[in-house]
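Asks: Below you'll find the structure I mean.
Read the figures in this text as sums done on the coordinates, not as results from a lab. If you're wondering where the values come from, they're calculated on a predicted model, not measured in any experiment. As a convention, Cβ positions derive from the backbone with ideal geometry for all residues, glycine included, and neighbour counts pool all protein chains shown.
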Amino acid sequence: MQKDQIPFYGADGRKLGFRTLDTAERLVASGFVKASYGRKKVLRAIWLNEEDGGNPVETQAPTGTRYSFIETLEHGRCYALRRLDQRDEAGRRVSMRPAFLQVVTDCTKA
């Protein structure tokens, strides 16, 4: 890759090649692609837009259930783990221990 070559990616993240700096800047100005800039505001890559016109670059990591979180104690902060035993939507207690132990057993079999 030469200095004036900018990587060109599809909306799904696959690499589509390179474009010259002038071509990449024209595509960004026309709104055909989204730009990724470096720390010093230098154009680093260009991304094709989604089919529906959405942003191809994820702005934040996908969220889900967090199994660890920071807990503040009297002597400082540490990570605490979420309990495996929870309640379902109906309020009944659900134990995940058998499933957890099955995974551990399957992983340690030789």
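Asks: Only residues of the stretch 13-29 count here: report those whose backbone N is under 12 Å from the spot 7 Å along Cα→Cβ of N49, or say none.
Replies: 28-29
Asks: Moving on to the next point. Within a 10 angstrom radius of the beta carbon, how do V42, V28, V33 rank from fewest other beta carbons to most? Write down the numbers at each step before the final one.
Replies: Details: V42 9, V28 16, V33 22.
The fewest-first ordering by Cβ neighbours comes to V42, V28, V33.
Asks: Take the eigenvalues of the Cα gyration tensor for the stretch 5-48, scale each by 5, and report the square roots as semi-axes in whole Å, largest first. Show your work: numbers first, answer last.
Replies: On the way: eigenvalues 41, 28, 21 Å².
Largest first, the stretch 5-48 gives 14, 12, 10 Å.
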